[in-house]
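*Asks:* One structure, as structure tokens, below. Some questions next.
The values are calculated or read from the model by the stated rules, or taken from the named source; none is laboratory data. Since the structure is predicted, the reported quantities are computational estimates derived from the model, not experimental observations. Note that we place each Cβ from the backbone using ideal geometry, even for glycine, and neighbour counts take in every protein chain shown. Just the protein is used for accessible areas: all its heavy atoms, side chains included, with ligands, DNA and RNA removed. Shrake-Rupley method; radii C 1.70, N 1.55, O 1.52, S 1.80 Å.
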Amino acid sequence: MEVASSPLLQRFWTRLAGARHRILFLDYDGTLAPFTVRRELALPYPGVREALEGIIVTRCRVVMVTGRPSRELLRLLDLSRPPDVWGAHGLERLTPDGRLERIPLKDGVNKGLKAALERAQETGYGQRLEQKYGCLALHWRGMD
């Protein structure tokens, strides 16, 4: 039996079409766009923008979940109607109406991040370190 025509899958699509509430969670890097050494060039695969635009106008809520800063992801997606974006590994949320909400950082977090950044710079990895709200990311793409 082919999976695409299985009764279970058909029942899923029927129930989804009739659901009062629908939500689609998506990651960006490696899912909707290729991994790239230069992160700012990670544009969506062909057809992704059009597909997202079509989904957003339905009754389906679209939520992007990413390690990137929320506003950075919106620039890359370049959609006419923005989705919800949970960025910085879940520490911030950019709502479709443009409000940026951030989870408050506990005491000492910024001090620890500064120390980690200094250590990365001392060991020669500073250029590969991305500073975000409440976190740092060390990027290995393009390295041996």
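*Asks:* Hey, of [x] 50.6, 148; [y] 18.8, 59; [z] 15.4, 54, which did the structure itself give for Rg and Dmax of the Cα atoms in Å when calculated?
*Replies:* Recomputing Rg and Dmax of the Cα atoms in Å here gives the entry labelled [y].
*Asks:* Once you place label points 7 Å from the Cα toward the Cβ at LEU9 and VAL63, how far apart are they in nm?
*Replies:* It works out to 2.7 nm between the two label points.
*Asks:* Further question: Going by amide H atoms built from the backbone, whose H comes under 5 Å of the H on ALA33, apart from near neighbours?
*Replies:* TYR45
*Asks:* Hey, what do the phi angles of the stretch 45-62 turn into as Karplus ³J(HN,Hα) couplings, whole Hz, using 6.51/-1.76/1.60 and θ = phi - 60°, x for Gly and Pro?
*Replies:* Computed from phi, the couplings for the stretch 45-62 are 4, x, x, 5, 4, 4, 5, 5, 4, x, 6, 4, 6, 7, 7, 8, 7, 10 Hz.
*Asks:* Quick check: from the Cα gyration tensor, does the stretch 1-50 come out rounded (a/c under 1.5), prolate or oblate?
*Replies:* It comes out prolate by the Cα gyration axes.
*Asks:* Can you give me the % of accessible surface on the chain that is carbon or sulfur? Probe 1.4 Å, all protein chains present, nothing else counted.
*Replies:* Roughly 57 percent, rounded to a whole number.
*Asks:* Another question, then. Using unit Cβ charges (K, R positive; D, E negative) and no other charged atoms, how large, in debye to the nearest 20, is the dipole of the chain about its Cα centre?
*Replies:* 440 debye
*Asks:* Another question, then. Assigning unit charges at the beta carbon (Lys, Arg +1; Asp, Glu -1) and nothing else, what dipole magnitude in debye, to the nearest 20, does the stretch 89-144 show about its Cα centre?
*Replies:* 100 debye
*Asks:* Would you grab the residues whose amide H sits under 5 Å from the one on ASP84? Only those 5+ places off in sequence or on another chain, please, with H modelled 1.01 Å from N.
*Replies:* Answer set, sorted by chain and number: VAL62, MET64.
*Asks:* Follow-up. From the phi angles alone, apply the Karplus equation (6.51, -1.76, 1.60; θ = phi - 60°) to the stretch 14-23 and give each ³J(HN,Hα) in whole Hz, x where the residue is Gly or Pro.
*Replies:* Values, residue by residue: 5, 5, 4, 4, x, 5, 6, 10, 9, 9 Hz.
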